[in-house]
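The values are calculated or read from the model by the stated rules, or taken from the named source; none is laboratory data. These figures come from a predicted structure and were not determined experimentally. For neighbour counting, all protein chains shown are included, and Cβ atoms are generated from backbone atoms with ideal geometry for every residue, glycine included.
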Amino acid sequence: MNLLITGGAGFIGSNLIHHIIDRHEVTKLVNLDCLTYAGHLPNLDQVSNHSKYAFEPVDLRDKAETLRVVQQHGITHVMHLAAESHVDRSITGPGDFIHTNIVGTFNLLEACRATWPTSAFSLQPSAFRFHHVSTDEVYGSLGATGYFTETTPYAPNSPYSASKASSDLLVRAYHHTYGLPVVITNCSNNYGPFQFPEKLIPVVIQSCFARRPIPVYGDGLNVRDWLYVRDHAEALWQVLTSGVNAETYNIGGHNEWANLHIVQLICDLVDELQPDLGGGTRKLITFVKDRPGHDRRYAIDAAKIQRELGWTPAYTFERGIRETVQWYLDNQSWVQTVLAGKKK
């Protein structure tokens with residue numbers, strides 16, 4: 001397996017590389033990342049000199065360079081994670097999401113289609129694979145009950161989720177039109193080490209640490225299903241290696257929590273783990289105007305991946321969130337480095 005991971009210097013991508021680089025199936029692991037504000041090579045310091053590892057500072061919007069990477073490294077498997085992913089940014093600047101998430105995916109699909117021998121797809125169906133990593137946000141919003149399944153109709157409500165839905169459909173079309181061997185995964189909200197401090201959990205941790213107001217949208221009762229990033233990495237690997245061609249798998253953490261509950265839990269953990277900050281952190285919670293099109297609830301039905309591939313999350317939310325808060329408290333130098341890079 002000559003494996004290409006796009007977005008490997010980002011949050012999920014770097015955790016994924018750490019998780020799988022030593023698997024015997026992997027002969028070469030190429031990390032393609034154009035290093036936007038959310039991509040940081042220090043995330044990969046532990047593997048940067050690994051004999052299997054290669055880094056390509058390439059933007060997927062560059063069609064020629066994307067093709068070169070696939071051909072030069074003899075790529076046989078792709079795990080496509082590279083994407084603009086922050087909903088707030090998609091509201092204020094949707095253009096980057098269209099170009100990266102849709103056009104970038106198109107360029108990568110074209111590179112694989114131009115390189116991989118179609119004659120091998122029927123003879124060796126597992127010899128090549130394009131694994132597209134997506135989000136549960138493509139399904140829209142749920143009410144108080146129910147779950148997203150793999151057959152839930154797409155109903156994206158933000159430029160971000162619309163761009164991911166579009167890329168999902170492109171991948172599906174390349175299988176049905178050209179026979180490209182593909183799998184798609186749609187995951188719930190990830191959390192864990194190396195997440196850029198713009199998403200809810202690291203924002204709250206940093207606000208607690210800095211003793212500044214903790215912003216909570218609306219009434220704070222929007223519900224998300226939370227998935228620890230290391231559990232996600234294992235699920236992605238199982239889908240890449242054992243998933244059925246052209247199938248979609250939903251990946252969820254079985255952890256539904258209202259945003260306000262998570263914020264309060266993080267406040268209490270910071271007070272416990274770093275009492276020298278002074279305690280009483282819940283007093284920093286500040287309710288702010290809700291963002292446009294804020295989906296009320298996401299919840300994943302992950303029965304299919306459990307039933308067919310045997311995957312279930314290993315981390316409870318209580319264990320995962322405690323480890324995550326501790327990691328950020330212990331790695332403030334990393335936080336300050338990535339925030340300083342954002343300002344440049």
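Things worth noting here:
- No other residue among S122, S163 is part of a helix (DSSP H, G or I), modelled with pLDDT of 95 or more and of a type outside the set (A, V, I, L, M) apart from S163.
- Qualifying positions in the range 223-241 - touching a Phe, Trp or Tyr at 6+ places or on another chain (Cβ under 9 Å) and either of a type in the set (A, V, I, L, M, F, W, C) or farther than 27 Å from P275 by Cα (or both): V223, R224, D225, W226, L227, V229, R230, D231, E234, A235, Q238, V239
- Residues that are surrounded by 13 or more Cβ atoms within 10 Å (Cβ to Cβ) and over 23 Å from the mean Cα position of the chain (by Cα) occur at least once in the range 290-302.
- Taken together, I321, I305, I300 contain a single residue that is β-branched (V, I, T), closer than 18 Å to H261 by Cα and in contact (Cβ under 8 Å) with a residue 60 or more places away in the chain, which is I321.
- Index of the failed condition, Y154 passing every other in (1) part of a loop (DSSP other than H, G, I, E, B); (2) touching a Gly at 6+ places or on another chain (Cβ under 8 Å); (3) within 19 Å of L4 (Cα to Cα); (4) not aliphatic (A, V, I, L, M): (3)
- Applying a threshold of 7 Å to beta carbon distances and a minimum spacing of six or more residues, or different chains, the list of pairs starting in the range 95-108 at a residue that is in contact (Cβ under 8 Å) with a residue 24 or more places away in the chain and ending at one that is of a type in the set (F, W, Y) and in a helix (DSSP H, G or I) reads F97/Y160.
- Scope the range 303-317; condition within 20 Å of the chain's Cα centre (by Cα) and in a loop (DSSP other than H, G, I, E, B); matching residues: W311, T312, P313, A314, Y315, T316
- Considering residues of the range 154-183 that are of a type outside the set (S, T, Y) and closer than 18 Å to G293 by Cα only, the residue surrounded by the fewest Cβ atoms within 10 Å (Cβ to Cβ): A155
- Of I17, I5, I21, I12, all but one fail to be crowded, with 16+ Cβ neighbours inside 10 Å, in contact with a Lys or Arg (Cβ under 9 Å, 6 or more places away or on another chain) and either of a type in the set (V, I, T) or at pLDDT below 95 (or both); the exception is I21.
- The range 20-34 - residue that is among the acidic types (D, E) and in contact with a strand residue (DSSP E or B) (Cβ under 9 Å, 6 or more places away or on another chain) and, of those, nearest to E198 (Cα to Cα): D33
- Conditions (1) of a type in the set (F, W, Y); (2) out of contact with any strand residue (DSSP E or B) (no Cβ under 9 Å at 6 or more places or on another chain); (3) buried (at least 17 other Cβ atoms within 10 Å of the Cβ): number failed by Y37: (3)
- With respect to the stated conditions, H73 fails to be touching a strand residue (DSSP E or B) at 6+ places or on another chain (Cβ under 7 Å) and buried (at least 23 other Cβ atoms within 10 Å of the Cβ).
- Residues in the range 176-212 that are touching a strand residue (DSSP E or B) at 6+ places or on another chain (Cβ under 9 Å) and either under 21 Å from E323 (Cα atoms) or without any contact (Cβ under 8 Å) to a residue 24 or more places away in the chain (or both): 14 in all.
- For T324, the requirement of being in a helix (DSSP H, G or I), within 30 Å of T92 (Cβ to Cβ) and under 19 Å from the mean Cα position of the chain (by Cα) is met.
- Number of positions in the range 180-201 that are within 22 Å of V78 (Cβ to Cβ) and either at pLDDT below 95 or aromatic (F, W, Y) (or both): 1
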